[in-house]
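Visitor: Sharing a structure below in structure tokens format, with a few things to ask.
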Amino acid sequence: MKKLWELYLTFARIGLVTFGGGYAMLPILERELVDKRHWTSMDDLRDYFSIGQCTPGVIALNVSTFIGQKKAGVKGALVAGLGFLTGPLVIITLIAAFLQNFAQYPVVQHAFAGIRVCVCVLIVQAVLRLWKKSVVDGAALAIYLIVFALNAFSPLLPVKIPAAVLVILAGCVGMFISLHRSKAAKEGK
């Protein structure tokens, strides 16, 4: 029970500061789950982010579910997910109740403009961290450039390629490259 309570409280605290979505909170998750609690490694956290991007739902909620399952099975997954959702649900409910009355005030509009800028900084920081750990060689850079081009120029293509398809294709190419390197290494011995 103590482990479940710890999962709930940890993810409830993380959920309270979830501004900007999954990528913006990568530094928060890294600090709390990797550095402070040692519940996972940075490599596993990046893998959870990758899987979370491919599965339905909010990335950070998916990550909390993965960590909860790793720590305490299905109960842990449910408790961690519920913990993560508690704060945002309360905050969103309060904002929804009062925003309509205050949204037209310049001070509120400027506050949201400031929040958007901060979220952009958090996302750029997360992207740079992911870049350093993920684009480690020429093959990874080639995959990045191809996926970036396909995504960026998607509106110009005759058919829009869904992000999930790009992720799956990149994973398959990465697997192919790994298998090819392993085979080449075995033949070189």
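Visitor: All but one of (1) in the same structural domain as residue 50 (by TED's automatic domain parsing); (2) over 27 Å from residue 16 (Cβ atoms) hold for residue 154; which doesn't?
Guide: Of everything listed in (1) in the same structural domain as residue 50 (by TED's automatic domain parsing); (2) over 27 Å from residue 16 (Cβ atoms), residue 154 misses just condition (1).
Visitor: Hey, among 168, 92, which residue is in the same structural domain as residue 65 (by TED's automatic domain parsing), under 22 Å from the mean Cα position of the chain (by Cα) and either not aromatic (Phe, Trp, Tyr) or not in a helix (DSSP H, G or I) (or both)?
Guide: 92
Visitor: Of the residues that sit in region 146-165 and are surrounded by 12 or more Cβ atoms within 10 Å (Cβ to Cβ) and at pLDDT 90 or above, which one is nearest to the chain's Cα centre (by Cα)?
Guide: Among residues in region 146-165 that are surrounded by 12 or more Cβ atoms within 10 Å (Cβ to Cβ) and at pLDDT 90 or above, the one nearest to the chain's Cα centre (by Cα) is 147.
Visitor: Name the residue that is nearest to residue 15 (Cα to Cα), counting only residues in region 82-105 that are in contact (Cβ under 8 Å) with a residue 12 or more places away in the chain and among the small types (Gly, Ala, Ser).
Guide: Step one: of region 82-105, the residues in contact (Cβ under 8 Å) with a residue 12 or more places away in the chain are 82-88, 91.
Now narrow it down to the ones that are among the small types (Gly, Ala, Ser): 83, 87.
Working: 83: 7, 87: 5 Å.
Across region 82-105, the extreme among qualifying residues is 87.
Visitor: Continuing with the same structure: How many of the residues in region 2-48 are among the hydrophobic types (A, V, I, L, M, F, W, C), modelled with pLDDT under 90 and surrounded by fewer than 16 Cβ atoms within 10 Å (Cβ to Cβ)?
Guide: Qualifying residue count, region 2-48: 4.
Visitor: While we're looking at this one, here's another question. Of these, 117, 108, 79, which one is surrounded by 12 or more Cβ atoms within 10 Å (Cβ to Cβ), part of a helix (DSSP H, G or I) and without any contact (Cβ under 8 Å) to a residue 60 or more places away in the chain?
Guide: 108
Visitor: How do the pairs read when you match residues in region 171-189 that are under 17 Å from residue 136 (Cα atoms) with residues anywhere that are modelled with pLDDT under 90, using Cβ under 9 Å and keeping only pairs 6 or more apart or on different chains?
Guide: Every condition considered, the pairs that remain are 171/50; 171/54.
The values are calculated or read from the model by the stated rules, or taken from the named source; none is laboratory data. These figures come from a predicted structure and were not determined experimentally. Cβ sites come from the backbone with ideal geometry, for glycine too, and all protein chains shown count toward neighbours.
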